[in-house]
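FYI, it's all coordinate maths here, none of it is from the lab. Treat the numbers as computed from the prediction; the structure is a model and nothing was measured. Please note: Cβ atoms are built from the backbone with ideal geometry, for glycine as well, and neighbour counts cover all protein chains shown.
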Amino acid sequence: MGVVKHGLDDTGQQRFRCRPPLGCGRTFNALTGTPLARMRKPEVWLAYAEALGERRSLDWIHEHLGIARLTAWRWRHRLLAPLTLQPAPMLSGIVEADEAYFLRSFKGHRGWKNGAPPDNRPPRYRGSGAVKRGLSSEQVPVVTALDRVGGLVEVVLEERRDEEIITALRGAIAPGSLLCSDGHGAYPKLAEETASEHRTIEPFKPTPEQKASGLSWRRPGVLTLGRVNGHHSVLKNTINGIFRGVSTRYLPNYLAWLRALRDKPDPIAFLAA
């Protein structure tokens, strides 16, 4: 056989060896090649995964689990990064699509102190907005598509261009779907490529009388972008409010984290994912 047992490591894990000439001669264990490889303190892994599932802060983890804040932060992204590689679900039926925008952030970057700023601008302090008005290079688009049975696809884009939007959603829309979006030209092209129907949803502004009446002015059965807009509202409140802004570099990790929490996984299922 090419693989044989090769003793135990310091934590009691069984090690194996690829025995020459059939193997490469290197040793490994069951965790080699996984995010848990070379992670210390295996006795707190499940407790840490439970804290992730409960969206605990780094301060809480440091206080209750005895893990240094920097270690807890590194573990967070070590475990979240593989979630971004999971295949996107196939959306079908009525699919709503739109983009959300977050300020391009270099949170935690030391370049301004070291004399090598990552962007040609002064550092932006917490709570301050963009310098330019409207959409610009200071904004990072996140294209979002969801259907009415819980399917969700989110992709961080570099720019709001037709090619990027179509590439991000091309494999996620089932043929025969009804794609609802705003007036952006990428979505009719996407619907044509995926053999789907497209509807442009015009924004509806109620009259002062409708607002004053206190009654709902929406007509039942009319297609809207309410679900995707509601999802974006929750997303922005979480990213900008609870997390107090995140670095653009790690934005896909946090989006994957929030998607995983929708299913409320137990700690073992979270580590398995």
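At a glance:
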read-out	value
Members of the range 128-146 that are closer than 21 Å to GLY241 by Cα, aliphatic (A, V, I, L, M) and touching a residue at least 60 places away in the same chain (Cβ under 8 Å)	VAL140, VAL142
Residues of the range 21-54 that turn out to be in a helix (DSSP H, G or I) and more than 14 Å from ALA72 (Cβ to Cβ), as a count	4
Every residue from the range 161-171 that is buried (at least 16 other Cβ atoms within 10 Å of the Cβ) and more than 16 Å from GLU197 (Cβ to Cβ)	GLU164, ILE165, ILE166, ALA168
Qualifying residue in the range 134-156 (condition: of a type in the set (Lys, Arg), loosely packed, with under 14 Cβ neighbours inside 10 Å and either touching a Ser or Thr at 6+ places or on another chain (Cβ under 8 Å) or on the phi > 0 side of the Ramachandran plot (or both))	no
Matching residues, the range 147-183, being under 22 Å from SER136 (Cα atoms), assigned to a loop (DSSP other than H, G, I, E, B) and touching a residue at least 60 places away in the same chain (Cβ under 8 Å)	ARG160, ASP182
Residue satisfying all of: in the range 225-273; within 20 Å of SER128 (Cα to Cα) and of a type in the set (A, V, I, L, M); surrounded by the fewest Cβ atoms within 10 Å (Cβ to Cβ) among these	ILE242
Flag for LEU70 being buried (at least 16 other Cβ atoms within 10 Å of the Cβ) and in a helix (DSSP H, G or I)	no
Residue list for the range 87-122, restricted to those being over 30 Å from ALA195 (Cα atoms) and acidic (Asp, Glu)	ASP119
Close pairs (7 angstrom Cβ cut-off, 6 or more residues apart or separate chains): without any contact (Cβ under 8 Å) to a residue 12 or more places away in the chain in the range 241-255, surrounded by 15 or more Cβ atoms within 10 Å (Cβ to Cβ) anywhere	PHE243/TYR254
